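FYI, it's all coordinate maths here, none of it is from the lab. For clarity, every value in this text was computed on a predicted model and none was experimentally measured. Cβ placement follows ideal geometry from the backbone for every residue including glycine, while neighbour counts extend to all protein chains displayed.
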Amino acid sequence: MSTLTTSALTALQLITELDPALLAIVGRSLAVSAAACLLASGVGLVLGAWLGVARFAGREVVLTGLNTLLALPSVVVGLLVYLLLSRSGPLGYLGWLFSFKAMVLAQSLLVLPVVTALTRQAVEDAESAHGEQLRSLGASSLLRSLLLAWDERYALLTVLIASFGRAISEVGAVMIVGGNIDGFTRVMTTAIALETSKGDLPLALALGLILMVVVLLLNALIAAVRHWRERHDGGVLTAITRTGAAA
């Protein structure tokens, strides 16, 4: 057998036998990314919804900066977090460097611009369609942002799913701030990079297969949510608009 075939068969064996080391890495990866997305979504959804309806001086500058952050390399985010958490950094007293918390923080900062920008776009599009109707009813900016965000909840759900995919598939930030310590901060992407460099292809292949399955499931979930949204089109704002038109 070739090296590829042997490695692939061994990788499948690791998966089917539920290798403890493999499961630990996968579980840690899911936990880090889930915690990061939860933290980022708590801020990003609110900030994005506000930016979608707010109009203020310098808004275009803020949006340009936000869109620029979408392309920020993960290694740069990792470097910034490393500088913040290092002993000489402003947050060094926390002792978070090379820990689970450091990886969550790095991925949160990486995902935050994605959640904020996509939420802003979804809410702003809804504002263009329904904002005038809501303003005529006396709705404040805060109320409009809440109603628009709720009406676009399916679109925002796809944003969160996509953000989780962005978090779990990145390697640079968690490698820098986590240190890739076996049993503590090693996640799927960092383990794949390390095991490949060591020549341990079966474990790398097993983790790669699992990561591909996770990404596939996330994309399938996004498609399902979009399909559900199309079948259940219409929400609070649609009802308000129809009521206003009928009146």
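For every other residue with a beta carbon closer than 15 angstrom to the beta carbon of L22, add +1 if it is Lys or Arg and -1 if Asp or Glu, then tell me the sum. Provide the component values of the computation, followed by the final result.
Details: positive: R28, R186; negative: E17, D19, D182, E195, D200.
For residues surrounding L22, the net value is -3.
Report the one residue of Q133, L205, V171 whose Cα lies farthest in the direction of the positive end of the charge dipole of the chain (charges on C-beta: Lys and Arg +1, Asp and Glu -1; origin at the Cα centre).
Q133
In what order do F164, F100 fall by count of nearby beta-carbon atoms within 10 Å, going from fewest to most?
On the way: F164 24, F100 16.
Placing the least packed residue first, the sequence is F100, F164.
Cα atoms only, the chain: Rg and Dmax in Å?
21.7, 76
What does the helix-only formula give at 222 nm for the chain: each DSSP H stretch with n ≥ 4 adding -39500 (n - 2.57), the total divided by the residues, and the result rounded to the nearest 500 deg cm²/dmol? List each step's numbers first, then the result.
On the way: 11 runs with 196 residues, N = 247.
Helices in the chain give a 222 nm mean residue ellipticity of -27000 deg cm²/dmol.
Given Cβ point charges of +1 (Lys, Arg) and -1 (Asp, Glu) and nothing else, what value in debye, to the nearest 20, does the dipole of the chain about its Cα centre take?
Numbers: 16 positive and 15 negative charges, 94 e Å.
My answer is approximately 460 debye.
Using only Cα atoms, tell me the angle between helix 100-136 and the longest principal axis of the chain; keep it within 0 to 90° and round to the nearest 10.
That helix lies at roughly 20 degrees to the long axis.
Measure nothing fancy, just the Cα-based angle from helix 141-151's long axis to the longest principal axis of the chain, in degrees from 0 to 90, nearest 10.
60
Got a sec? How would L137, L160 order by Cβ neighbour count within 10 Å, fewest to most? Intermediate results must be reported in sequence, preceding the final value.
Values: L137 12, L160 22.
Listing L137, L160 from fewest to most nearby Cβ atoms yields L137, L160.
Treating the angle as unsigned and between 0 and 90°, give the value, to the nearest 10°, between the Cα long axis of helix 188-198 and the longest Cα principal axis of the chain.
30
Fewest to most neighbouring Cβ within 10 Å: what's the order for T10, T190?
Values: T10 16, T190 24.
Fewest-to-most ranking of T10, T190: T10, T190.
Describe numerically, in nm with one decimal, the distance between label points set 7 Å from Cα along Cα→Cβ at A71 and at H227.
The answer from the label model is 3.5 nm.
Could you tell me which residue out of L148, P73, A8 lies farthest along the dipole of the chain toward its positive end? Charges go on the beta carbon: Lys and Arg +1, Asp and Glu -1, centred on the Cα centre.
L148
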